[in-house]
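Comments concern the structure below.
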Amino acid sequence: MPKGIKIVRRILDLLPCTLAANARTKLTGLRPTAWVVMSSIADLLIISTLATRSIAMAPLPMSVVACEFAAAIAFFLILDTVKIPAFARLGLS
C-alpha cells in the first residue's frame, strides 16, 4: 500500500473519532466550536494537497482521496449512532 494512502487514511480515520467522542449526545444536533471546525478543515486541506500533489509521498488520484473522505463520513455517522447506547451501557453518559 502506498505511503500516501496510509497517511490519508490515518488522518481521515482520526477525525470522525475525535468529533464523535467529544459530545455525549448525537453530534449531528450540536454545533462544534470554531476552533474544531477550522482545525478539521485545515487537516483535510493539508492532507489532500499533500496527497494529490505528491509532496513527500507518491501521488494519489483525487478520486481515491474523495473515496477515503466518503468512508470517513460514513464511519462518523455509524460511530455517532452507536456511541449513545455504548456510552450508556458502559456507564459513561
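The values are calculated or read from the model by the stated rules, or taken from the named source; none is laboratory data. Treat the numbers as computed from the prediction; the structure is a model and nothing was measured. Heads up, the Cβs are rebuilt from the backbone with ideal geometry, glycines too, and the neighbour counts pull from every protein chain shown.
Numbers for the structure displayed
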{"read-out": "Scope the range 55-75; condition outside any helix (DSSP H, G or I) and either free of Cβ contacts under 8 Å to residues at least 40 places away in the same chain or surrounded by 16 or more Cβ atoms within 10 Å (Cβ to Cβ) (or both); matching residues", "value": "Ile55, Ala56, Met57, Leu60, Pro61"}
{"read-out": "Boolean, Leu27 is at pLDDT below 85 and either under 30 Å from Gly91 (Cβ atoms) or over 12 Å from the mean Cα position of the chain (by Cα) (or both)", "value": "yes"}
{"read-out": "Output for the range 40-54, where each listed residue is assigned to a helix (DSSP H, G or I) and either modelled with pLDDT of 85 or more or touching a helix residue (DSSP H, G or I) at 6+ places or on another chain (Cβ under 8 Å) (or both)", "value": "Ser40, Ala42, Asp43, Leu44, Leu45, Ile46, Ile47, Ser48, Thr49, Leu50, Ala51, Thr52"}
{"read-out": "Matching entry among Ile78, Ile84 (being exposed (fewer than 13 other Cβ atoms within 10 Å of the Cβ), part of a helix (DSSP H, G or I), out of contact with any His (no Cβ under 7 Å at 6 or more places or on another chain) and of a type in the set (A, V, I, L, M, F, W, C))", "value": "Ile78"}
